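**Q** Please see the structure below; I have some questions.
None of the figures in this text is laboratory data; all of them are computed from the coordinates on show. Source: prediction; values computed, not measured. Glycine also receives a Cβ, built like all others from the backbone with ideal geometry; neighbour counts cover every protein chain displayed.
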Amino acid sequence: MANKLTNRRDILAFWGVAGAVGLLPAVGKSAWSQQAPRTSNPTSAESHPASPEEALERLKVGNTRFVNGQPKHSHESLGFRKQLTSEQHPFATILGCSDSRVPIELIFDQGFGDLFVIRVAGNVVTDDVVGSIEYAGIHLKTPLVVILGHEGCGAVTAALQARKHNSSEPQGIQNLVKLIEPAIRSIDPNLPMPEQVHKAVESNVRWAQEKLTKLPEVQRSAPLIVGAVYELETGEVRWLT
């Protein structure tokens, strides 16, 4: 896979080291099997989602609260943060864009320990992203993966513009753009640019979803993989079918 920052074996090795600071259970998967999933906490009576569908519904309900300006701000207390120092049980993995206007936990009205978030410009799929998703599924048991794009994405816009002229961007940005190119091949270059971007953002999400769905190791660790697009103006998450 192009532009990979490291291979999958290195990623998993990193997570093994990171266990020393509380990311991994003390003895790996066997430790997880001895730990009961979180069922309650000091700030909320919500139980841990029992299925991928229930996890997805929780995200949808949380986004509705966010859109309506009625967030609960749960799982943010000092007591809850202390509860997470020894273990974590997020209920969903989110692959989103690095854009500062798309703060993942806020738009889903979730708090500390609820979501395992991976952010990279253009929400592209690289080997290190795959390794992170595998880690979340295998070691943290997150049953749901969401690929979240957003309207007006700068990385997607740069990929569309690169089709018309040679890029003067640094090599790192050009490498990122190349990862988006397969997703935008079907976008009509004669359309107005805003319409191109709108269509390309959704196509890029579907492209990432397709790539992840085809990886057996991801499928084994994440039973449900869905795509969505965040609307900057309304705050609403539009779910792709």
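**Q** Work out from phi, with θ = phi - 60° and the Karplus expression 6.51 cos²θ - 1.76 cosθ + 1.60, the ³J(HN,Hα) of each residue of segment 56-70, listed in order in whole Hz, and give x for Gly and Pro.
**A** Calculated HN-Hα couplings, in order: 5, 4, 5, 5, 4, 5, x, 5, 4, 4, 4, 4, 7, x, 10 Hz.
**Q** Another one. Place a point 7 Å from the Cα of Ser168 along the Cα-to-Cβ direction; which residues of segment 179-215 have their backbone N under 20 Å from it?
**A** none
**Q** Assign one of three labels to segment 191-241, namely rounded, prolate or oblate, based on the Cα gyration tensor with a ≥ b ≥ c the square roots of its eigenvalues; rounded applies when a/c is under 1.5, prolate when it is not and a/b is larger than b/c, and oblate otherwise. Each step should come with its number before you reach the end.
**A** On the way: a/c = 4.39, a/b = 1.86, b/c = 2.37.
Oblate is the answer for segment 191-241, as a/c is 1.5 or above yet b/c matches or exceeds a/b.
**Q** Past 26 Å, Cα to Cα, is the threshold; run Lys178/Lys214; Lys60/Lys211; Lys72/Lys211; Lys141/Lys178; Lys72/Lys214; Lys60/Lys199 against it and keep the listed order.
**A** Values: Lys178/Lys214 20 Å; Lys60/Lys211 24 Å; Lys72/Lys211 35 Å; Lys141/Lys178 32 Å; Lys72/Lys214 37 Å; Lys60/Lys199 22 Å.
Those over the limit are Lys72/Lys211; Lys141/Lys178; Lys72/Lys214.
**Q** Which value in nm describes the separation of the simple spin-label points at Trp239 and Asn68, placed 7 Å from the Cα toward the beta carbon?
**A** 1.6 nm
**Q** I'd like the Karplus ³J(HN,Hα) series for segment 87-97: coefficients 6.51, -1.76, 1.60, θ = phi - 60°, whole numbers in Hz, and an x wherever there's a Gly or Pro.
**A** 6, 9, 9, x, 9, 7, 9, 10, 9, x, 7
**Q** Going through segment 158-236, which trypsin sites (Lys or Arg not before Pro) have at most 10 other Cβ atoms within 10 Å and a DSSP loop state?
**A** On the way: sites: Arg163, Lys164, Lys178, Arg185, Lys199, Arg206, Lys211, Lys214, Arg220; in loops: Arg163, Lys164, Arg185, Lys214.
The qualifying sites are Lys164, Arg185, Lys214.
**Q** Using θ = phi - 60° and the Karplus form 6.51 cos²θ - 1.76 cosθ + 1.60, what ³J(HN,Hα) does each residue of segment 117-124 get, whole Hz, x for Gly and Pro?
**A** Taking θ as phi minus 60°, the curve returns 9, 10, 10, 8, 3, x, 6, 7 Hz for segment 117-124.
**Q** Between segment 138-181 and segment 196-221, how many Å separate their Cα centres?
**A** 12 Å
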